[in-house]
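The values are calculated or read from the model by the stated rules, or taken from the named source; none is laboratory data. Quick caveat: nothing in here was measured; it's all calculated off a predicted structure. Reconstructed Cβ throughout: ideal geometry from the backbone, glycine too, with neighbour counts over all protein chains shown.
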Amino acid sequence: MEEYFSRSRYCSKAAAPNRLALLWLNTDDKYGQKLVKGQQNAVFEVWTYGLSKGDFRADKIAITPRGTRFDLLTPKGNIPLFLL
């Protein structure tokens, strides 16, 4: 996991200037949380996701033989989703 963290940290600093750069980080993971803390002065936008916290979260998860249903909670509102 330390190698994964080191590579992720390197990639997060390698954003090209003058380009739209977006970094998605999993805040359910302790390494993702460490990466978020290191991005306060980032030159790109940081979005987070996870089951328990983050900008994008899943809620009301139901897994059935027909597929998975959940509400995607976003900064702009909730989106009901069904995945086959």
Legend entry - Residue within the range 43-65 that is modelled with pLDDT under 90 and among the acidic types (D, E) present: yes
Inset, instruction - Give G50, G54 a once-over and let me know the one that is closer than 20 Å to L22 by Cα, touching a helix residue (DSSP H, G or I) at 6+ places or on another chain (Cβ under 8 Å) and surrounded by 14 or more Cβ atoms within 10 Å (Cβ to Cβ). - result: G50
